[in-house]
Amino acid sequence: MQLNELEIYVNGLLDITRFHDYCPNGLQVEGRSEVRQLISGVTASLEFLEAAIAAGADAVLVHHGYFWRGENPCLTGMKHRRISYLMSHHVSLLAYHLPLDAHAELGNNVQLGRRLGFVETSRFGEQGIAVQGTLAEISLKELRTNVEHVLHREPLVIGNDCKIIRRVAWCTGGAQDYFDEAIDLGVDAFITGEISERMVHAARESGVAFISAGHHATERYGVQALGEYISRKFGIAHRFIDLDSPV
């Protein structure tokens with residue numbers, strides 16, 4: 001399909017104009033006009049770009065792209081190496097951040113929740129991105145085991161393993177600042193990708209378990225689901241490339 005048609009469709013599907021984001025959503029680097037092979041991944045690192053181009057990418061689709069608010073806008077150093085690599089191979093970069101977190105069917109949060117057996121009941125937080133829901137009654141230890149099994153990564157858990165979990169809130173990636181609101185909602189556990197020292201004390205004092213399951217690990221599923229959806233709808237080839245990250 002044509003690159004401009006792909007961008008217009010995905011921009012509308014994810015309703016990108018609804019979000020106030022930290023980066024531009026949509027086409028960030030323009031390559032060849034026709035897209036036959038779409039490669040998706042979490043982050044547009046140079047390692048990912050090399051793997052994608054080796055796999056025959058005409059365009060790459062990621063959750064973490066470029067041009068973040070507050071960063072140096074100059075095309076030097078790491079940014080120059082990445083963008084010049086894309087441009088020299090005529091490969092396009094499409095990136096979707098908060099709109100991909102929030103989407104009701106393909107988003108990171110709904111995709112993670114489904115894999116963990118959560119039933120969404122409502123949204124909360126800035127722009128309605130974070131989710132709260134319910135699950136079959138289990139102990140925190142059982143939830144920890146399930147998270148590790150699904151994500152293939154041992155989570156960091158703050159809380160009593162014997163605690164019973166019925167209500168849960170979650171938001172993929174670096175969403176620890178939603179923890180206070182999750183506490184106020186009365187959930188038993190909160191899951192996100194990262195944790196800082198201050199959240200350890202907040203979890204202990206509130207009695208709400210905090211599960212830090214990995215920024216990369218929690219955000220693998222939205223971009224993969226989006227790529228598969230595009231492939232089915234438009235008949236173009238798609239492959240998801242997952243490069244391990246310890247964070």
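Provide the gained length on full extension for the span Val119 to Ser33, in nm with one decimal, where the gain is 0.36 nm per separating residue minus the Cα-Cα distance.
On the way: separation 86, 0.36 × 86 = 30.96 nm, distance 4.07 nm.
Computed gain between Val119 and Ser33 is 26.9 nm.
With just the Cα atoms defining each centre, how far is region 97-164 from region 1-23? Give it in Å.
Cα centroid to Cα centroid, the span is 26 Å.
Residues of region 25-58 with amide nitrogen under 13 Å from the 7 Å Cα-to-Cβ point of Tyr85?
43-55
Could you size up the charge dipole of the chain around its Cα centre, putting +1 on the beta carbon of Lys and Arg and -1 on that of Asp and Glu, and report it in debye to the nearest 20? Kindly include the intermediate steps, with their values, before the conclusion.
Details: 22 positive and 31 negative charges, 72 e Å.
Value, rounded to 20: 340 debye.
Which whole-angstrom value gives the distance between the alpha carbon centres of region 170-186 and region 192-240?
After rounding, the separation between the Cα centres reads 13 Å.
Give the accessible surface of the chain per residue, rounded to a whole number of Å², with probe radius 1.4 Å and ligands, DNA and RNA excluded. The partial results should precede the final answer.
Values: 11150 Å² over 247 residues.
Dividing the accessible area of the chain by its residue count gives 45 Å².
With a sphere of radius 10 Å drawn around the Cβ of Ser206, what net charge do the other residues whose Cβ falls strictly inside it have (Lys, Arg +1; Asp, Glu -1)? Mind showing how you got there, number by number?
Working: positive: Arg204; negative: Asp180, Asp184, Glu205.
Net local charge, Ser206 excluded: -2.
If you average 1/r across every pair of different Cα atoms in region 1-42 and take the reciprocal, what Kirkwood value do you get, in Å?
On the way: mean 1/r = 0.0865 Å⁻¹.
Over region 1-42, the inverse of the mean reciprocal pair distance is 11.6 Å.
Can you give the helix-only mean residue ellipticity at 222 nm for the chain, where every DSSP H stretch with n ≥ 4 adds -39500 (n - 2.57) and the sum goes over all residues, rounded to the nearest 500 deg cm²/dmol? Please list the in-between numbers first.
Details: 10 runs with 92 residues, N = 247.
Per the formula, -10500 deg cm²/dmol.
Take the solvent-accessible surface of the protein heavy atoms, probe 1.4 Å, and return the percent of it on region 95-144 that carbon and sulfur atoms account for. Mind dumping the intermediate values first?
Working: 920 of 1820 Å².
Its accessible area is 51 percent carbon and sulfur atoms.
Expected output is a single nm value to one decimal: the length gained when fully extending between His20 and Gln2, i.e. 0.36 nm times separation in residues minus the C-alpha distance. What is it?
Numbers: separation 18, 0.36 × 18 = 6.48 nm, distance 2.75 nm.
Fully extending the segment from His20 to Gln2 adds 3.7 nm.
So how long is each side of region 77-118 along the principal axes, counting just the alpha-carbon atoms, biggest first, in Å?
Reported extents, whole Å, longest axis first: 43, 18, 16.
With only alpha-carbon atoms in the gyration tensor, what are the semi-axes of the equivalent ellipsoid for region 24-171, in Å, largest first? Don't skip to the end; give the middle numbers.
Details: eigenvalues 262, 51, 45 Å².
Taking √(5λ) for each eigenvalue gives 36, 16, 15 Å, largest first.
Rolling a 1.4 angstrom probe over the protein chains, ignoring ligands and nucleic acids, what is the accessible area of Met87 in square angstrom, nearest 10?
110
Describe numerically, in nm with one decimal, the distance between label points set 7 Å from Cα along Cα→Cβ at Ala136 and at His149.
1.0
Let me make sure I get this right: for the chain, a, b and c are the square roots of the gyration tensor eigenvalues over alpha carbons, sorted descending. Under 1.5 in a/c it's rounded, otherwise prolate if a/b > b/c, else oblate. Which is it? Each step should come with its number before you reach the end.
On the way: a/c = 2.08, a/b = 1.89, b/c = 1.10.
Because a/c hits 1.5 or more and a/b exceeds b/c, the chain counts as prolate.
Among Leu116, Leu106, Val91, whose Cα sits farthest toward the positive end of the charge dipole of region 20-170 (+1 at Cβ of Lys/Arg, -1 at Cβ of Asp/Glu, about the Cα centre)?
My answer, from the dipole projection, is Leu116.
The values are calculated or read from the model by the stated rules, or taken from the named source; none is laboratory data. This structure is a prediction, so every number in the text was calculated from the model and none was measured. Every residue, glycine among them, receives a Cβ derived from its backbone with ideal geometry; neighbour counts consider all protein chains shown. Note: accessible area is taken over every heavy atom of the protein model, side chains too, but ligands, DNA and RNA are not part of it. Shrake-Rupley method; radii C 1.70, N 1.55, O 1.52, S 1.80 Å.
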